[in-house]
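Here the structure is laid out as structure tokens; the discussion comes afterwards.
The values are calculated or read from the model by the stated rules, or taken from the named source; none is laboratory data. All figures in this text were calculated on a predicted structure; none of them were measured in a lab. All Cβ positions, even for glycine, are placed from backbone atoms using ideal geometry, and neighbour counts span all protein chains on display. Only protein heavy atoms, including side chains, enter the accessible area calculation; ligands, DNA and RNA are left aside. Shrake-Rupley method; radii C 1.70, N 1.55, O 1.52, S 1.80 Å.
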Amino acid sequence: GPCGSVRYITLKSEAGQPCRLVKPWGSRIRIRQWPTMDTVSLNEISGTISFKTTKDCIYIIDRTTDPWEDQTSKDII
């Protein structure tokens, strides 16, 4: 994607409360729990997505058309 675009999001739930965020892409969103990669159910209303979280769990939010697994990483020294 273009320089500066959001490719994926990772977040850690510190309290286990529901998470809400503005949908970062126009395409279909996928949320998975890491490291199991189990899919998490989400709701979308008016450009905002929400999903339930579990305390101390990590979530990966990406697009099925541009998955997290396909992203390259660069070391910054």
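Could you please tell me which pairs satisfy a Cβ distance under 8 Å, a separation of 6+ or placement on different chains, a first residue in segment 39-58 that is more than 16 Å from Ser13 (Cα to Cα), and a second residue that is open to solvent by 90 Å² or more (accessible area, probe 1.4 Å)? That search, which allows pairs on different chains as well, returns Gly47/Val22; Thr48/Arg20; Thr48/Val22. When the residues of segment 46-77 are narrowed to those that are among the acidic types (Asp, Glu) and outside any strand (DSSP E or B), which ends up farthest from the chain's Cα centre (by Cα)? Across segment 46-77, the extreme among qualifying residues is Asp75.
Within segment 4-28, residues that are within 12 Å of Ile49 (Cβ to Cβ) sit with their Cβ atoms under 8 Å from residues that are loosely packed, with under 11 Cβ neighbours inside 10 Å, at 6+ positions apart or across chains, in these pairs: Val22/Gly47; Lys23/Gly47; Arg28/Thr64; Arg28/Thr65. Contact map, segment 60-77: first residue surrounded by 10 or more Cβ atoms within 10 Å (Cβ to Cβ) and modelled with pLDDT of 85 or more, second residue among the basic types (Lys, Arg) and assigned to a loop (DSSP other than H, G, I, E, B), Cβ cut-off under 6 Å, separation 6 or more or different chains; pairs are Gln71/Arg7.
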